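The values are calculated or read from the model by the stated rules, or taken from the named source; none is laboratory data. Remember, it's a predicted structure, so these values are computed and weren't measured experimentally. Glycine gets a Cβ as well: all are built from the backbone with ideal geometry, and neighbour counts include every protein chain shown. Surface areas here come from the heavy atoms of the whole protein model, side chains and all, with no ligands, DNA or RNA. Shrake-Rupley method; radii C 1.70, N 1.55, O 1.52, S 1.80 Å.
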Amino acid sequence: MKPPSFVRTLSAAERQQLQARLRSADAFTVRRCQILLSSAQGLRPPQIACNLACAVGTVHYALRAFAREGLACLQEKSSRPHSVHPYLDQQHTDALKDLLHHSPRLFGQPTSLWTLARLAQVCHAKGWTPRLLSGEAIRQALQRLGIRWRRAKHWISSPDPAYARKKKPATG
């Protein structure tokens, strides 16, 4: 059987800071202070969890965080992953912009208009992304690259030399 886990012996300054932060407006900080002070009084994690109406795992996590970080554990950390990186980054900027100025039919697509889903398929087929991305992921990647997604009719150009003349609005 594992020995019960308790918080290490608190210094007078740490105890004073924990008691002062019991009046914090942040519920996370208050709960952590309650857990740490209860453990310093000699209560075991299941008793603390019962008294505070929380899970035993929450108590263990708070005790481990205090042992690792000290009083810094009283501030809630970001829940975002630390290894987030975009799939379409600056490495593919010029190629992606160039891709948008060509017909999707050149890349095996059934129509001549780009959609976010078709763009995701072509990027995956070219090996620019490790998996097929959603349309929203492609839109966000384009936004990061400074490209605002809108109907292609109004902003795409063509390698055809007569394209500008053909795109002029009809006069009538």
Original post:
Under the condition of being farther than 15 Å from A62 by Cβ and either open to solvent by 80 Å² or more (accessible area, probe 1.4 Å) or of a type in the set (K, R) (or both), which residue from region 18-43 is nearest to the chain's Cα centre (by Cα)?
Top reply: A25
Original post:
Can you name the number of the only condition in (1) open to solvent by 60 Å² or more (accessible area, probe 1.4 Å); (2) in contact with a Phe, Trp or Tyr (Cβ under 6 Å, 6 or more places away or on another chain) that S79 fails?
Top reply: (2)
**OP:** State which residue pairs qualify: first residue within 13 Å of F66 (Cβ to Cβ) and inside region 16-36, second residue not in a helix (DSSP H, G or I) in any location, beta carbons under 6 Å apart, and separation of 6 or more residues or different chains.
**Re:** L36/V7
**OP:** Answer yes or no as to whether T9 is open to solvent by 60 Å² or more (accessible area, probe 1.4 Å) and in a loop (DSSP other than H, G, I, E, B).
**Re:** yes
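Matching residues to (1) touching a residue at least 60 places away in the same chain (Cβ under 8 Å); (2) open to solvent by less than 50 Å² (accessible area, probe 1.4 Å); (3) among the small types (G, A, S):
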| site | (1), (2), (3) |
| --- | --- |
| E14 | no, yes, no |
| C50 | no, no, no |
| A53 | no, no, yes |
| V59 | no, yes, no |
| A72 | no, no, yes |
**OP:** Only residues that are touching a Pro at 6+ places or on another chain (Cβ under 8 Å), among the aliphatic types (A, V, I, L, M) and closer than 30 Å to G127 by Cα: list them for region 59-112, please.
**Re:** none
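Is there a residue in region 21-42 that is over 20 Å from E76 (Cα atoms) and either of a type in the set (V, I, T) or in contact with a helix residue (DSSP H, G or I) (Cβ under 9 Å, 6 or more places away or on another chain) (or both)? Don't jump to the end; show me each part of the working.
Step one: of region 21-42, the residues over 20 Å from E76 (Cα atoms) are 40-42.
Now restrict to residues that are either of a type in the set (V, I, T) or in contact with a helix residue (DSSP H, G or I) (Cβ under 9 Å, 6 or more places away or on another chain) (or both): 40.
Yes, region 21-42 contains a residue that is over 20 Å from E76 (Cα atoms) and either of a type in the set (V, I, T) or in contact with a helix residue (DSSP H, G or I) (Cβ under 9 Å, 6 or more places away or on another chain) (or both).
Considering only residues that are acidic (D, E) and farther than 16 Å from F6 by Cα, which ones fall in region 37-81? Don't jump to the end; show me each part of the working.
The first filter runs over region 37-81 and keeps only residues acidic (D, E), leaving 69, 76.
Across region 37-81, the qualifying residue is only E76.
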